[in-house]
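Step one of this worksheet: look at the structure below.
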Protein chains: 2
Amino acid sequence: MGTRIAHAELRKKVMSAGEAAAKINPGDNVGMSGFTGAGYPKEVPVALAQRIREATADGESFRVGVWTGASTAPELDGALAEADGVDLRLPYQSDPVTRSKINAGTMDYIDAHLSHVAPLVWEGFFGKLDVAVIEVTGVTEEGSLIPASSIGNNKTWIDQADKVILEVNEWQSLDLDGMHDIYYGTALPPRRRPVMMTSPADRIGEPHLRVDPDKVVAIVETNSPDRNTAFKPLDADSKAIAGHLLDFLMHEVKVGRVPKELLPLQSGVGNIANAVLAGLLDAPFENLTSYTEVIQDGMIDLIDAGKVSVASATAFSLSPEYAERMNNEAAKYRKNIILRAQEISNHPELIRRLGVIATNGLIEADIYGNVNSTHIMGSRMQNGIGGSGDFARNAYLSCFVTPSVAKGGAISAIVPFVSHVDHTEHDTHVIVTEQGLADLRGLAPRKRARVIIDKCAHPDYRPMLEEYFERAQKVANGMHTPHDLALAHSWHRKFLAEGTMR
Amino acid sequence: MGTRIAHAELRKKVMSAGEAAAKINPGDNVGMSGFTGAGYPKEVPVALAQRIREATADGESFRVGVWTGASTAPELDGALAEADGVDLRLPYQSDPVTRSKINAGTMDYIDAHLSHVAPLVWEGFFGKLDVAVIEVTGVTEEGSLIPASSIGNNKTWIDQADKVILEVNEWQSLDLDGMHDIYYGTALPPRRRPVMMTSPADRIGEPHLRVDPDKVVAIVETNSPDRNTAFKPLDADSKAIAGHLLDFLMHEVKVGRVPKELLPLQSGVGNIANAVLAGLLDAPFENLTSYTEVIQDGMIDLIDAGKVSVASATAFSLSPEYAERMNNEAAKYRKNIILRAQEISNHPELIRRLGVIATNGLIEADIYGNVNSTHIMGSRMQNGIGGSGDFARNAYLSCFVTPSVAKGGAISAIVPFVSHVDHTEHDTHVIVTEQGLADLRGLAPRKRARVIIDKCAHPDYRPMLEEYFERAQKVANGMHTPHDLALAHSWHRKFLAEGTMR
């Protein structure tokens, strides 16, 4: 016990998860670690959920605000949502129970740009943070914290909370020590200074998280793996999408608009992103870099193959197999991988300066290039915008990728008018489906519509889109972005009524 | 003749506007100076329009691409649009003839974030720039250019064009010399560096524009005032909006979320923005600064009153009376006013770092806080997004202001579902109408709807919005952002059919 807690005073604060959870009060805002299923606390949230259930059974009201880095896992979001213990959740989630509570209207959810969360908290715009619950790999002799498999908002939570609860997870590899880069140069305006980074390889901070030992009210020792989900085997659609995107990048290099070693790559979470990374293994690019949110399996392969020299992110999002490898070989990967706080991994200043090539998924895009990343049929929250806005808005090249249909063809990813907008026409350079790639740069809206319908729409839906576009041009009150508002959402309404857009 | 052209070789290139316009060929992309009616070329566009009309009369096709800083004037946008000479226009306009061509579908228009335009051109994403036509105040002995009443994209146009045509306008005051700050530190990635500015008062560049004299193919001497439009007298609505906003800022200072000297102020163009500035004259704030796009009359008053120490912008947008004063007293204002290139005045890196308090107008907002800044009833382009996205996304506080109704009450500025989205729910902190102020920070969507309806909607429309919101919660497929897609745009459809949303 306490073998990973080298600081004597802090070692005295080891207790059970139940005892630690007792430090959290009804109505507290709790900042938890965790980003895409990596580095979230494994036991205190479960114990807190138990407390909440007991209080509820006694007729007491016990709910908390839960702030994280991004998505977590069943032991955190799932457990607390099942106990009906979450009043407000921010800024990103992907948990089925949480999602169903949000869409039942029983849990408030604020979907924020991931780069905005820490600043908004410093500014006091979300209210007071009461408790931080942070998973770490260990505690040094000096009392600083060796971060785990994600950083997310941990620095901010530790800084802003009155009380800090630590989970020291033995499953996390001690060899991660040295991989992290925690930047302590942030400030509130008017004292903000330039973030002096000019390459994804730059280290601008320190390897450990600072904490005031007096604020630490509990330490819980755990030994549990992250929620690491296996990637699906690459399917034909993902490979086709990756192929179109890589062909496009090769063309951009050829015409001199992109350097031959490309520019730092960002890719969203998921199978298509992983397919793009897999495609890069065989593509004729060398000395690549990455400035992104999460390190997925495909990135590890690219590092192993010597294709990627450095990858900067805020978290891992690996399959169980790759996570085990990372735990065993973290010492080796430390020279190639840098994990940063998410206000830095997603910082508009840095994304624009580095000239990131961004690739993000979407739920639907419309014929003019507006993108919905979050809502099913306009009302129902799926996961959240995550960092896609940080990257899409500030990228050198902003690409969105999606299969052209979903639900066995019942839903078209290309629609007349998106049912919710997360990324506007101003922020979309390229849309890719398995059908093809629409390069929207330099095109006015009606020309964008032409290209999106021709290149990206599924053949089953292409004639329907043509028909909408033709009709819109006949009835609209202006020809800049012609719409027929009576039919703009008719596809979504049909799906809701009949289960298909066809 | 030539008195303002101190460079001997360049003085030899003086010619008539007609001769200069002959240097522009059909199909050329032409980068013109001009931002909100300041510093645009006065004679060459008119001569070019004449050439185009003659060519068209001869059965020839003669159209060009017109790239500017932002809006210009009848002598530029109006003349060229009337001659049907513009194939593609970017990135912002407010000219009635241009607008009607865009909405007739005979002129392509790309509505881009103003901070994105120069980088997109450097990156080659809009194609080749052939000619620059730039108004300046004078030419120095060394051949550098004293800028006029706007900078906009002039640096980029001069840099990127094969040929440069200058208009030296004697109306522009020589005392402007020294007011400008042209930053030459930009580069393409991976060679981009931090922009080392930490206060709106910082000068990081040079006072003059560089030009390769060999690229200058013509100089035209002019003597014409800018299109300076008088502001309307402050009406009750504008004063009420300004009052709500200033009360809010005082409250934010009181609770410690905003420093007592506020933070650098940005305000959009127009009468409400000017009313806010007027309100600041009597508000208990001192040592204010501004980091914005344009200097309006109200800003001059604030400088005169000693309330604002420094205002940074990319252009003037003054009434004729104030423009004359500026021309007479520019030497005096040089210590208070800095004009920069628009990729700097609107730079996300700088807006975020400085912590700008942004205030922008809108066409409509919906009950969840999505904002339409550009399209009338979904299809018809009004002006363009301008810099509102640069500021709203990156601001410390992002405020939108609007009267609650337009067209004598026939249009509600608060609608169930905006007919176009320029700013998403993620980027809207505060909405203000003459009815009141909705503070959306920290609120999930349904709570935002409650506040927007209660505080901002006009009483005539409040019951209709309540009804929509209640109905949406009954029929929606999810309670995160409940919508009834059958009725979401019914207000717009009613207006189009009947001329009123009532």
- Message: Criterion first (buried (at least 22 other Cβ atoms within 10 Å of the Cβ), more than 15 Å from A:Ile182 (Cβ to Cβ) and assigned by the TED database to the domain that holds A:Val216) does A:Gly85 satisfy it?
- Response: yes
- Task: Please indicate, with yes or no, whether at least one residue in the stretch A:137-151 is assigned to a loop (DSSP other than H, G, I, E, B), within 26 Å of B:Arg193 (Cα to Cα) and touching a strand residue (DSSP E or B) at 6+ places or on another chain (Cβ under 9 Å).
- Result: yes
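Within the stretch A:473-485, track down each residue that is at the interface with another protein chain (Cβ under 7 Å from one of its Cβ atoms) and within 20 Å of B:Val415 (Cα to Cα).
If we filter the stretch A:473-485 for residues that are at the interface with another protein chain (Cβ under 7 Å from one of its Cβ atoms), which is where we start, we get A:476-483, A:485.
Matches in the stretch A:473-485: A:Ala476, A:Asn477, A:Gly478, A:Thr481, A:Pro482, A:His483, A:Leu485.
Given the criteria assigned to a helix (DSSP H, G or I), at pLDDT 95 or above and within 12 Å of another protein chain (Cβ to nearest Cβ), does B:Ala488 qualify? Outline the logic, then answer.
Values: assigned to a helix (DSSP H, G or I): no; at pLDDT 95 or above: yes; within 12 Å of another protein chain (Cβ to nearest Cβ): yes.
No, not satisfied.
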- Task: Could you tell me which residue of the stretch A:189-230 is surrounded by the fewest Cβ atoms within 10 Å (Cβ to Cβ), considering only residues that are facing another protein chain (nearest Cβ under 9 Å) and touching a residue at least 24 places away in the same chain (Cβ under 8 Å)?
- Result: A:Ser199
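Within the stretch A:38-50, can one find any residue that is among the basic types (Lys, Arg) and under 19 Å from A:Thr229 (Cα atoms)?
yes
Residues that are at pLDDT 95 or above and more than 30 Å from B:Leu188 (Cβ to Cβ): list the helices (runs of 4 or more DSSP H) wholly contained in the stretch B:244-343 that include at least 3 such residues. Let's see the steps before the verdict.
Working: elements: B:271-282, B:297-304, B:320-333.
It comes to B:297-304, B:320-333.
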- Here the residues within the stretch A:441-471 that are under 18 Å from A:Thr424 (Cα atoms), away from chain B (no Cβ under 13 Å), crowded, with 20+ Cβ neighbours inside 10 Å and free of Cβ contacts under 8 Å to residues at least 60 places away in the same chain are none
- Of the conditions (1) surrounded by fewer than 24 Cβ atoms within 10 Å (Cβ to Cβ); (2) touching a strand residue (DSSP E or B) at 6+ places or on another chain (Cβ under 6 Å); (3) within 14 Å of chain B (Cβ to nearest Cβ), the single one that A:Ile337 does not satisfy is (3)
- Message: Can you pull out every residue in the stretch A:259-270 that is surrounded by 20 or more Cβ atoms within 10 Å (Cβ to Cβ) and either more than 14 Å from chain B (Cβ to nearest Cβ) or touching a Lys or Arg at 6+ places or on another chain (Cβ under 7 Å) (or both)?
- Response: A:Ser267, A:Gly268, A:Val269
- Item | the stretch B:472-484, residues that are closer than 20 Å to B:Glu425 by Cβ and surrounded by fewer than 20 Cβ atoms within 10 Å (Cβ to Cβ) | B:Gln473, B:Asn477
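Got a sec? Which of A:Gly256, A:Gly243 is surrounded by fewer than 19 Cβ atoms within 10 Å (Cβ to Cβ) and without any contact (Cβ under 8 Å) to a residue 24 or more places away in the chain? Lay out the reasoning, then the answer.
Numbers: A:Gly243 fails: without any contact (Cβ under 8 Å) to a residue 24 or more places away in the chain.
Result: A:Gly256 is the single residue among A:Gly256, A:Gly243 that is surrounded by fewer than 19 Cβ atoms within 10 Å (Cβ to Cβ) and without any contact (Cβ under 8 Å) to a residue 24 or more places away in the chain.
Residue-wise test of (1) of a type in the set (Ser, Thr, Tyr); (2) modelled with pLDDT under 95; (3) in contact with a Lys or Arg (Cβ under 6 Å, 6 or more places away or on another chain).
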{"residue": "B:Val117", "(1), (2), (3)": "no, no, no"}
{"residue": "B:Leu120", "(1), (2), (3)": "no, no, no"}
{"residue": "B:Phe125", "(1), (2), (3)": "no, no, yes"}
{"residue": "B:Val133", "(1), (2), (3)": "no, no, no"}
{"residue": "B:Glu142", "(1), (2), (3)": "no, no, no"}
{"residue": "B:Ser149", "(1), (2), (3)": "yes, no, no"}
{"residue": "B:Asn153", "(1), (2), (3)": "no, no, no"}
{"residue": "B:Asp162", "(1), (2), (3)": "no, no, no"}
- Task: Looking only at the stretch B:112-123, count how many residues are within 7 Å of chain A (Cβ to nearest Cβ) and in contact with an Asp or Glu (Cβ under 9 Å, 6 or more places away or on another chain).
- Result: 1
- Task: Kindly indicate the residue of the stretch B:88-111 that is among the aliphatic types (A, V, I, L, M) and surrounded by fewer than 20 Cβ atoms within 10 Å (Cβ to Cβ) and also farthest from the other protein chains (Cβ to nearest Cβ) among those meeting that condition.
- Result: B:Val97
- Task: Might you let me know whether the stretch B:350-368 holds any residue that is part of a helix (DSSP H, G or I) and β-branched (Val, Ile, Thr)?
- Result: yes
- Reported set for the stretch B:424-434 where residues are free of Cβ contacts under 8 Å to residues at least 60 places away in the same chain and more than 7 Å from chain A (Cβ to nearest Cβ) is B:Glu425, B:Asp427, B:His429
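Could you count how many residues in the stretch B:345-380 are out of contact with any Cys (no Cβ under 8 Å at 6 or more places or on another chain) and closer than 25 Å to B:His458 by Cβ? First the steps, then the outcome.
The initial filter retains those residues of the stretch B:345-380 that are out of contact with any Cys (no Cβ under 8 Å at 6 or more places or on another chain), namely B:345-356, B:361-364, B:366-380.
Then keep just the ones that are closer than 25 Å to B:His458 by Cβ; that gives B:361-364, B:366-380.
Total meeting the criteria: 19.
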- Output the number of the condition that A:Gly409 fails; it satisfies all remaining conditions of (1) away from every other protein chain (no Cβ under 14 Å); (2) touching a strand residue (DSSP E or B) at 6+ places or on another chain (Cβ under 8 Å); (3) not aliphatic (A, V, I, L, M). (2)
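The values are calculated or read from the model by the stated rules, or taken from the named source; none is laboratory data. Remember, predicted model here, so these are calculated numbers, not experimental data. Here the Cβ is made from the backbone with ideal geometry for all residues, glycine too, and neighbour counts use every protein chain on show.
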